[in-house]
1. For SER195, which sequence-distant residues (separation of 5 or more, or a different chain) have an amide H within less than 5 Å of its own amide H, given hydrogens modelled in the peptide plane?
2. If I model a spin label at GLN39 and GLU13 as a point 7 Å from the Cα along the Cα→Cβ vector, what separation in nanometres do I get?
3. Stretched out fully, how many nm does the piece from THR174 to ALA204 gain, at 0.36 nm a residue minus the Cα gap?
4. Tell me the accessible surface of ASP205 in square angstrom (1.4 angstrom probe, heavy atoms of protein chains only), to the nearest ten.
5. Largest first, what is the accessible-area ranking of GLU210, GLU194 with a 1.4 Å probe?
6. With +1 on each Lys and Arg Cβ and -1 on each Asp and Glu Cβ, and nothing else charged, work out how big the dipole of the stretch 61-114 is about its Cα centre, in Debye to the nearest 20.
7. Contour minus end-to-end for ASP92 and ARG67, with contour as 0.36 nm per residue of separation and end-to-end as the Cα-Cα distance?
Amino acid sequence: METTRKHKVPEMEGFQARWYAKNRGTDAQLAQYRRQADQVTAGWPEGAEVLEVAPGPGFFAVELAKRGFRVTGLDISHTMVEIARENGPDVDFRQGDITHAPFAAESFDFLVCQAAFKNFRQPVTALDEMHRVLRPGGYAVIHDLNHEATGADIDREVAGMHVGVVAGFTVRQTLGWLRRRAFTAAQFETLAAESAFGGCSITADGIGLEVRLTR
């Protein structure tokens, strides 16, 4: 039976959600989303159906939609869904929990999840639901903090955000705090092995990990 993690990170609502969205909407961050969208979608067929889990303010989902994919976003935060709908009217943003995904089996060709997996209380259940809603041959891409990222790695990441001195200090402190909740590559491998996916491939990059899981 899966062990439920203590939920030490409250859901982002209200002012906190809007502050986060503002800091994620800088020119440098949007440029990063564009680069990531190009990388993640390489080889995807036009018109593929994509689910983004925990899209937050929706900037990455919008970039996916701009590339000709049919995108759905599922976020547990009511405020984030409101913000995302303002940012991306061409994306189907819905409020809900990935551990009880409100979708039929085999609904999507691909799935992405950025900077949120470490906050899931039931990570194996979340992976099982991702597996269920993917079509055979589809895959999930999870980007998240690496628990083994160094302070220097975080400094370089924040410098690249160009958010200013005060906001930069806050973001640096937040990333350091969130890193403590994040998984190591070995822990991700264990979770994937326990899930319906049965395994995964992992690439480390800067402060993050890219985890790919194939249906």
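The values are calculated or read from the model by the stated rules, or taken from the named source; none is laboratory data. On a predicted model such as this, the values are computed, not experimentally measured, just so you know. Glycine gets a Cβ as well: all are built from the backbone with ideal geometry, and neighbour counts include every protein chain shown. Areas reflect the complete protein model, heavy atoms only, side chains present, ligands, DNA and RNA absent. Shrake-Rupley method; radii C 1.70, N 1.55, O 1.52, S 1.80 Å.
1. none
2. The two pseudo-label positions are separated by 3.4 nm.
3. Working: separation 30, 0.36 × 30 = 10.80 nm, distance 2.03 nm.
Gain on stretching THR174 to ALA204: 8.8 nm.
4. 120
5. In descending accessible area the options line up as GLU194, GLU210.
6. In debye, rounded to 20, the stretch 61-114 gives about 120.
7. Answer, rounded to one decimal: 7.5 nm.
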